[in-house]
1. Pull up the cross-link candidates among the aspartates and glutamates for LYS123, meaning alpha carbon to alpha carbon under 15 Å and not fewer than 8 places away within one chain.
2. Could you give the semi-axes, largest first, of the ellipsoid that matches the chain, computed as the square roots of 5 times the alpha carbon gyration tensor eigenvalues and rounded to whole Å?
3. Pull up the cross-link candidates among the lysines for LYS125, meaning alpha carbon to alpha carbon under 17 Å and not fewer than 8 places away within one chain.
4. Taking a 28 Å limit on the Cα-Cα distance, which of the listed pairs LYS51/LYS120; LYS89/LYS175; LYS2/LYS177; LYS51/LYS89 fall beyond it?
5. Taking the Cα centre of the stretch 50-145 as origin, work out the dipole magnitude from +1 charges on Lys and Arg Cβ and -1 charges on Asp and Glu Cβ, in debye rounded to 20.
6. Report the charge-dipole magnitude of the stretch 1-104 in Debye, nearest 20, computed about the Cα centre from +1 at each Lys and Arg Cβ and -1 at each Asp and Glu Cβ.
Amino acid sequence: MKYIPNILTILRLLACPILIYLFIFGTYLTILAVFILACLTDFFDGYLARKESLKTNLGKFLDPIADKILIITMCIMLIINEDISGLHKLAFYIIILREIIITFLRLNLENENKNIDVSKLSKYKTFIQMTAIGSILIYHNFELFYFQLPIIILVWFAAFVTLITGVQHAKTYKKLK
């Protein structure tokens with residue numbers, strides 16, 4: 001029982017190459033199903049770790065990285081697959097860049113036994129990003145054309161919240177450094 005949250009986190013990481021494969025050879029429905037399962041591992045690993053006091057140092061380190069790798073993988077695949085177009089790709093580039101920068105800042109602090117704590121807004125950010133990506137997959141799976149504007153608004157909202165949390169983490173990093 002003690003390692004279930006970490007196993008769920010590792011499953012989220014393992015979902016990434018599967019999602020890449022599915023973007024090449026699968027359907028939007030299978031991509032959506034695997035993505036939803038990966039997102040659920042994020043919820044349940046955190047829930048179990050908190051509820052059952054199963055927090056580990058590996059989990060504290062690996063969970064945010066697994067989230068970022070999942071989000072970056074999906075953003076890149078949606079861009080490559082041209083599921084998001086024009087100026088709206090910029091929102092995904094903002095998300096990708098922020099996730100990479102914050103990961104490097106966290107890794108830099110890890111060497112000094114310091115940590116940028118995950119804020120409540122950062123947890124919401126991850127949920128908003130996952131919802132935006134899931135919405136795009138639903139849109140392409142069911143061809144809900146009337147749903148396009150709300151999805152674009154959600155994608156840009158995700159980019160905005162991502163940028164805000166990135167600035168917060170950069171400020172925290174500067175204080176800790």
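1. Candidates past the 8-residue exclusion: ASP42, ASP45, ASP63, ASP67, GLU99.
2. Numbers: eigenvalues 149, 81, 36 Å².
They are 27, 20, 13 Å, listed from largest to smallest.
3. Candidates past the 8-residue exclusion: LYS68.
4. As for pairs spanning more than 28 Å Cα to Cα, those are LYS89/LYS175; LYS2/LYS177; LYS51/LYS89.
5. Working: 12 positive and 10 negative charges, 91 e Å.
I would put it at about 440 debye.
6. Numbers: 9 positive and 8 negative charges, 70 e Å.
Charge dipole, the stretch 1-104, about its Cα centre: 340 debye, nearest 20.
Any read-out appearing in this document is the output of simple, stated calculations on the displayed coordinates, not a laboratory observation. Keep in mind that what you see is a predicted model, and the values were worked out from it rather than measured. Here Cβ is always computed from backbone atoms with ideal geometry, including for glycine, and neighbour counts include all displayed protein chains.
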